[in-house]
Amino acid sequence: MTAAPSIDELQAQERRLVLTRFTYDDAWRLGSLLVELARERRAPVAIDITRGGQQLFHAALPGSAPDNDAWIHRKRRVVERYGCSSYLVGARFRAKGTTFEDSSRLDLDTYAAHGGAFPIAVEGAGVIGTVVVSGLPQVEDHALVVEALERFIAA
């Protein structure tokens, strides 16, 4: 089981995981890396990458379900609204002694501040898209995305 990162750790991840560019080919490489990592772990996940509102990559692995796609959409909307990872948004609400569900005043059928959606940020441009994983406990969804982004940047 992956330990839950602190708010400081989550913010440091977002500062560190900024790309110099993000093309269609980059989306394919990042998505393929996520599929490879998930297959190695036999993780029953769905993976989604969007840029500028366009879906550039989507994969559903064995054991995932249509419900994972609904979670992807809801988590992605949190990143689009707040400009940071869905896990960080949820953690900030928890740090205030409440929950996103109780205090955000947003439609919970549209938004989910659960781990697994991470902003794709590009130097000089800011957040231009999202990478999302759904199917594991939220801290593990988040950790899988972070690991893939770290490997992608290092390659």
Inset, instruction - Would you mind calculating the relative contact order of the chain from Cα pairs under 8 angstrom and at least 6 residues apart, reporting the percent as a whole number? - result: 29 percent
Inset, instruction - Determine, from the Cβ-Cβ distance of R15 and R94 and an R0 of 25 Å, the FRET efficiency 1/(1 + (r/R0)^6), rounded to the nearest 0.05. - result: 0.75
Legend entry - Residue-level accessible surface for S6, protein heavy atoms, 1.4 Å, Å²: 50 Å²
Legend entry - Where only C-alpha atoms are counted, convex hull volume of the stretch 91-155 per residue in Å³: 120 Å³
Legend entry - Accessible surface of the chain [probe 1.4 Å, protein heavy atoms]: carbon and sulfur percent: 49 percent
Legend entry - At most 14 other Cβ within 10 Å, DSSP loop - trypsin sites (Lys or Arg not before Pro), the stretch 27-92: R41, R42
Inset, instruction - Kindly sort H142, H114 by accessible area of their heavy atoms, largest first, with the probe set to 1.4 Å. - result: H114, H142
Legend entry - Per-residue SASA entry for E9, accessible area with 1.4 Å probe, Å² rounded to 10: 100 Å²
Legend entry - By accessible area with a 1.4 Å probe, ligands and nucleic acids excluded, highest first: order of V18, V145: V18, V145
Inset, instruction - About the Cα centre of the chain, how large is the charge dipole given +1 on each Lys and Arg Cβ and -1 on each Asp and Glu Cβ? Please answer in debye to the nearest 20. - result: 180 debye
Inset, instruction - Just flag the GluC sites (Glu not before Pro) in the stretch 116-152 sitting in loop per DSSP whose Cβ has no more than 11 other Cβ atoms within 10 Å. - result: E123
Legend entry - Of [x] 35, 22, 14; [y] 22, 18, 15; [z] 27, 17, 14, the label for semi-axes √(5λ) of the Cα gyration tensor in Å derived from the coordinates: [y]
Inset, instruction - Keeping all protein chains in place, calculate the accessible area per residue for the stretch 50-104 (probe 1.4 angstrom), answer in Å². - result: 52 Å²
Legend entry - Projected-area average for the stretch 1-63 over all orientations - Cα convex hull basis, square nanometres: 5.6 nm²
Inset, instruction - Assuming R0 = 25 Å, can you tell me the calculated FRET efficiency for the pair E40 and M1, based on Cβ-Cβ distance, to the nearest 0.05? - result: 0.90
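The values are calculated or read from the model by the stated rules, or taken from the named source; none is laboratory data. From a predicted model like this one, the values you see are computed outputs, not experimental measurements. Cβ: placed from backbone, ideal geometry, glycine included. Neighbour counts: every protein chain shown. Side chains included, ligands, DNA and RNA excluded: accessible areas come from the protein's heavy atoms. Shrake-Rupley method; radii C 1.70, N 1.55, O 1.52, S 1.80 Å.
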